[in-house]
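S.K.: The structure under discussion is supplied below as structure tokens; questions concerning it will follow.
The values are calculated or read from the model by the stated rules, or taken from the named source; none is laboratory data. All of these numbers come straight from a predicted model, not from anything done at the bench. Here the Cβ positions follow ideal geometry from the backbone for every residue, glycine too, while neighbour counts run over all protein chains shown.
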Amino acid sequence: MPARKPTPNITTVYLGRYTWEHANQIAGELEAADIVWWYKQPGFFSQIWEFGGVRLFVDRERLDEARSIADRIAPDGRPGR
């Protein structure tokens, strides 16, 4: 896969907290749509109160598109909004 050029001045916003399975599927779709994203997994202790969910963050300018992708993959909502 070719290296992606760095994109300056991207601000990311919170998309939601998902199971590992949903987060991986959403991440694949975000990449296919060329939406900048990153994740934060709970640490050793914080997984106790975060219930092991993965928090996803996406490019603020493409939040609506990212929400559509996430809602299609996880139709029961975004736990831990």
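S.K.: Return the pairs, sorted by first residue and then second, in which the second residue is among the small types (Gly, Ala, Ser) and in a helix (DSSP H, G or I), the first residue lies in segment 7-28 and is closer than 14 Å to Ala70 by Cα, the beta carbons are less than 7 Å apart, and the residues are 6+ apart or on different chains.
M.R.: Listed by first residue and then by second, the contacts come to Leu15/Ala66; Leu15/Ala70; Gly16/Ala70; Ile26/Ala70.
S.K.: Oh, and also: Tell me which residues, restricted to segment 49-60, are surrounded by 14 or more Cβ atoms within 10 Å (Cβ to Cβ) and either modelled with pLDDT under 95 or of a type outside the set (Val, Ile, Thr) (or both).
M.R.: Selection gives Glu50, Gly53, Val54, Arg55, Leu56, Phe57, Asp59.
S.K.: Looking at Arg78, is it at pLDDT 70 or above, buried (at least 16 other Cβ atoms within 10 Å of the Cβ) and either hydroxyl-bearing (Ser, Thr, Tyr) or not in a helix (DSSP H, G or I) (or both)?
M.R.: It is false that Arg78 is at pLDDT 70 or above, buried (at least 16 other Cβ atoms within 10 Å of the Cβ) and either hydroxyl-bearing (Ser, Thr, Tyr) or not in a helix (DSSP H, G or I) (or both).
S.K.: Another question about this same structure. Of the residues in segment 1-20, how many are of a type outside the set (Gly, Ala, Ser), surrounded by fewer than 11 Cβ atoms within 10 Å (Cβ to Cβ) and modelled with pLDDT under 90?
M.R.: Within segment 1-20, residues that are of a type outside the set (Gly, Ala, Ser), surrounded by fewer than 11 Cβ atoms within 10 Å (Cβ to Cβ) and modelled with pLDDT under 90 number 8.
S.K.: Mind listing just one residue for me: the one in segment 21-40 that is of a type in the set (A, V, I, L, M, F, W, C) and in a helix (DSSP H, G or I) and, of those, surrounded by the most Cβ atoms within 10 Å (Cβ to Cβ)?
M.R.: Ile26
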